Amino acid sequence: MTIYRGTVLDTPVSPFDGGALRAEADAGLAVVDGVVVERGPFAAVRARRPDDEVVDLTGGVVLPGLVDTHVHFPQVRVIGGLGRPLLDWLDHCALPEEARMADTGYARTVAAEFVDGLLRAGTTTALVFGAHYAPAVDCLFERAAQAGLRVSAGLVVGDRKLRPELLTTPEQAHADALALAGRWHRKDRLRYAVTPRFSLATTEAVLESCAAVLRDVDGALFTSHVNENTAEIDAVRALFPGHVDYVDTYHRPGLLGRRSVLAHNVHPTDAELDRLAAEGASVAHCPSSNSALGSGLFPLHRHVSHGVRVALGTDVGAGTGFSLLREGLQANFMQALLGSAGLPLTAAHMLYLATRAGAEALDLGDQVGDLSVGRQFDAIWVRPEDGCTLDVVLVRAADADDALAKVFALAGPADVRAVWVGGDRLR
Ligand SMILES: [Zn+2]
């Protein structure tokens, strides 16, 4: 029973498949019970609904809620550990902090910081790497439920090549995951995600126990890392001599499907891309993390030409912040730096990767990802402060595509003025 009035930008059809930015200046979105029930010029929507409350979002732009397909809850406080390659960064920055999650009080505080960070950045849906400790994962789910965010997450598991206190066993991993899923899966806006850390830290037995959880928990997601760094890939090859490649270590136990999201995939073979496409799995592209760790330049063109679904992730804390707008910009830079091998990204591509593509990767495409009639009202209002640089250039934008490019170039969490999930204002 509310009409939201503003300039609405979204990408219901993929620009990689010929879609374009859908832009409506002075639009009206009528929302009932959290769902968009009518959309059109504000004056027309208002005329049909004279008694509805009007929320004025004119100035700035209204975008679909942002979708982060790869972000680590325990790593908020290690953002900024720059200058190390992946395996060195894990040992010195990430894993010591992951071990601190054994303290549930500490984990609860970090969970609050994490959820707040997502919200401030305008992220309304996220696939989250949990912690190695079940009580810490409970803290994350509790806080996400309180806030009202759409979060899929799970216990991170590994049984080798990690600090001893982070190790589990296949049996324990299975039991802990089922207990967590029983408490949280499909409760409110939450879902369970089966989460081996990466093949480098898991034996085949743990990957098989993960596959058993995936079979046992209807509608669960699967997520992990793949092909991030060449030293990591060499190490995985040495640990799995009977496997064809890195993707095969997940495929063979039955972990790949349309609710599977693998982060990075900076260095895939053509056979791996074919496999991911055949299984309908998605790749979470994390350009600021790839840049910070020097992992490499993401071959987006090869993913698209092989038919692999790609969305964006911030990969906090290797990534440098929670803003998917900045990840879109960094993805754009990365494709530019690839020269003739790159896939030039327009503002519409960036918005699609940060919204609709993420919703589809997380199997939520029928609910969120754009602001069409029938979708949940998951939205953000980007409204810069009067007189700041974004405001100055936004009011002079040539057209909607230009305005959106300016948002990606300049907007950050401070410009996200309001956030809704399912029609509930969360911020
Ligand atoms: Zn990661």
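Nothing in this text is a laboratory measurement; each read-out follows from the coordinates by a stated rule. All figures in this text were calculated on a predicted structure; none of them were measured in a lab. Don't worry about glycine lacking a Cβ; one is built from the backbone with ideal geometry, like all the others, and counts go over all protein chains shown.
Okay, which of segment 350-388 sit inside 20 Å, backbone N to the point 7 Å along the Cα-Cβ direction of Asp33? Within reach of a label on Asp33: 365-369, 371-379.
Please report, in debye to the nearest 20, how large the charge dipole of segment 41-157 is about its Cα centre when each Lys and Arg carries +1 at its beta carbon and each Asp and Glu carries -1 there.
Numbers: 10 positive and 14 negative charges, 52 e Å.
Computed about the Cα centre, the dipole is about 240 debye.
What the phi angles of segment 275-291 give under the Karplus curve with 6.51, -1.76 and 1.60, with θ = phi - 60°, is a coupling list of 5, 4, 5, 5, 7, x, 6, 10, 10, 8, 8, 10, x, 6, 5, 4, 6 Hz, glycine and proline written as x.
On the basis of the beta-carbon distance and an R0 of 25 Å, Val54 and Ala397 show a calculated FRET efficiency of 0.50.
Here the spin labels are modelled as points 7 Å beyond Cα on the Cα-Cβ line, and at Thr346 and Ala278 they lie 3.4 nm apart.
Using Cβ contacts closer than 10 Å as the measure, can you line up Val13, Val76 from fewest to most?
Numbers: Val13 15, Val76 21.
Listing Val13, Val76 from fewest to most nearby Cβ atoms yields Val13, Val76.
Placing pseudo-labels 7 Å out from each Cα toward the beta carbon at Asp424 and Asp17 gives an inter-label distance of 3.1 nm.
For a paramagnetic label modelled on Ala271 (point 7 Å from Cα along Cα→Cβ), amide N atoms under 14 Å away belong, within segment 229-258, to 237, 241-252. Where does segment 343-385 land on Rg/Rh, using Cα atoms and the Kirkwood Rh? A ratio of 1.03. In the elastic network of the chain, a GNM with C-alpha springs shorter than 10 Å, the most mobile of Gly369, Gly148, Gly182 is Gly182. On C-alpha positions alone, give me the angle between the axis of helix 324-337 and the longest principal axis of the chain, in degrees, nearest 10. The answer is roughly 70 degrees.
Of all the options Arg48, Arg160, Arg275, the one that moves most in a Gaussian network model of the chain with Cα springs shorter than 10 angstrom is Arg48. What whole-number distance in Å separates the alpha-carbon centres of segment 83-129 and segment 5-45? For segment 83-129 versus segment 5-45, the Cα centre distance is 34 Å. Placing +1 on the Cβ of every Lys and Arg and -1 on the Cβ of every Asp and Glu, with nothing else charged, gives segment 363-427 a dipole about its Cα centre of roughly 220 debye.
Mind pulling the angle between the C-alpha long axis of helix 170-184 and the longest principal axis of the chain? Nearest 10 degrees, somewhere in 0 to 90. The helix 170-184 is inclined about 20 degrees to the chain.
If the only charges are +1 at each Lys and Arg Cβ and -1 at each Asp and Glu Cβ, what is the size of the charge dipole of segment 66-361 around the Cα centre, to the nearest 20 debye? Kindly include the intermediate steps, with their values, before the conclusion.
Values: 26 positive and 31 negative charges, 145 e Å.
Its charge dipole is roughly 700 debye.
Report the local net charge at Asp176: Lys and Arg +1, Asp and Glu -1, summed over other residues whose C-beta lies under 12 Å from its C-beta.
Working: positive: Arg183; negative: Asp138, Glu171.
Every neighbour counted, the sum reads -1.
Assuming R0 = 41 Å, what is the FRET efficiency of Leu87 and Ser305, from their Cβ-Cβ distance, to the nearest 0.05? Walk me through the intermediate numbers first.
Numbers: r = 30 Å, r/R0 = 0.74.
That pair, Leu87 with Ser305, gives E of 0.85.
Counting only alpha carbon atoms, the long axis of helix 400-410 and the longest principal axis of the chain meet at about 50°. Build a GNM of the chain with springs between Cα atoms under 10 Å apart, and of Ala281, Ala405, Ala235 the one that fluctuates most is Ala235. Using a Förster distance of 51 angstrom, determine the FRET efficiency expected from the C-beta separation of Ala336 and Val373, and round it to 0.05. The value I calculate is 0.90.
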